[in-house]
1. At 7 Å along Cα-to-Cβ for each site, give me the label-to-label distance between Ala236 and Ser255 in nm.
2. Enumerate the lysines that Lys128 could reach by cross-link, defined here as Cα to Cα under 17 Å, with residues fewer than 8 away along the same chain left out.
3. Which helices of the chain meet both criteria: a Cα extent of 15 Å or more along the helical axis and a mean Kyte-Doolittle score no lower than 0.5, with helices taken as whole DSSP H segments?
4. Report, by chain and number, residues whose modeled amide H sits under 5 Å from the one on Leu19, excluding near sequence neighbours (fewer than 5 apart, same chain).
5. Going by amide H atoms built from the backbone, whose H comes under 5 Å of the H on Ile60, apart from near neighbours?
6. Assigning unit charges at the beta carbon (Lys, Arg +1; Asp, Glu -1) and nothing else, what dipole magnitude in debye, to the nearest 20, does the chain show about its Cα centre?
7. Sequence gap at least 6, Cα distance under 8 Å: using those rules, report the relative contact order of the chain to the nearest whole percent.
8. How far apart, in nm, are the 7 Å Cα→Cβ label points at Asp178 and Ala127?
Amino acid sequence: MIALSRGIDIAYDDVGTGLPVVFLHGFPHNRSLWAPQLGGLLARARCVAPDLRGFGDSEISGPYTMDRYADDVIAMLDALQIERAVIAGLSMGGYIAFAIWRRHRQRVRALILADTRPGADSEEARAKRREHIALARAKGSGAVADALIAGMVGRTTREKHPDIADAVHRMLTMAPVDGVIGALEAMIARPDSTPTLATIDVPTLIIVGDEDVLTPPKEAQAMHEQIPGSRLEVLAGAGHVSNVERPAAFNHVASEFLGVLTYA
Ligand code: MLT
C-alpha cells in the first residue's frame, strides 16, 4: 500500500486493530524486517510498518536525514489519521525514534527501542561509513551486505539458524544503492541523542540481543539507566536483529508491554 507522505510515496503494511504501533526498520533493511511482529502482534495492536524513503518499495528521494525520516513517519500518520502511536525502532529505526521524540513528542504514546544506541558516530565509525559509501558506489549493495552481515546477526543464529542469516543477507542485498548511501550520510550527520534520554516521559521498553555486537547490551543498559521508568529486556541467543532471531521472545515482551498500555 502506498501513502502520499510530504510529496513522496511511502510503502507500508498496516495490519490488525487497536493501539497503533509504528515499526521502523534499521539499516539497510526494509519493512519485511518486521514480518514476525506483524504476524505475531496483529491481534494485540494495529501494526504499521513503512519502508523508509530510499528503501524497499518507497520512493528513492534525498536528501536523507534523521529529521526527514522522522517527518515522513509523521506525514504517514497524518495520512492514516493516527493521532498517537507507539514508535518501535530497531537500530537506525531507534535513531529515527529519538528524532520523532524531539520533533513530534505529542504524537508518541510509548517507545520500543530495540538494538539501538543514543550516541552520535565516533570519528572511527564515520570513517567506516565513508568506506561503505565508496563500496556501495563501486560495487553496489551486495558488497555492502557482505561487509555488514557478520555484525547483523548473532553467533547463535549463524551457527544454528543459517537460514535466518541468509534471509537477512538477502534483505540487505536488495537495498537500493542511493538509499544505502543516503542513510549512511544521514547516520554520519546524526546528532547525539544522549541528552534526549532524560526528557523521555512516556513508557519505554528497551530490547537487546545478548549477542548484539553493533549496539551491545551495555548500550541498552546505559539507556535504561537514563530513561526514567524504562524497562529493559535482554534476549538470549539473539544478535543485532533480535526481533528476527528470537521472534517469539521479542513478541512476548512487546505484547506484555502493549497490553499494559492498552488497559492503562
Ligand atoms: C542498523 O541496523 O540500523 C545499523 O546497524 C545502524 C548503524 O549502522 O549504526
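We did not get these values from a lab; they are worked out from the coordinates using the rules stated. Quick caveat, the model's predicted, so the values are computed rather than measured. Ideal geometry is used to build each Cβ from the backbone, glycine not excepted, and the neighbour counts take in all protein chains shown.
1. Going from the Ala236 label point to the Ser255 one covers 2.0 nm.
2. By straight Cα distance, Lys128 reaches Lys139.
3. For the chain, where a helix must reach 15 Å along its axis and average at least 0.5, the hits are 141-152, 177-189, 247-263.
4. Arg46
5. Under 5 Å from the amide H of Ile60: Gly54.
6. Working: 27 positive and 32 negative charges, 47 e Å.
I would put it at about 220 debye.
7. Values: 554 pairs, mean separation 55.0, N = 264.
Worked out over the chain, it gives 21 percent.
8. Taking the two extended label points, one gets 3.2 nm.
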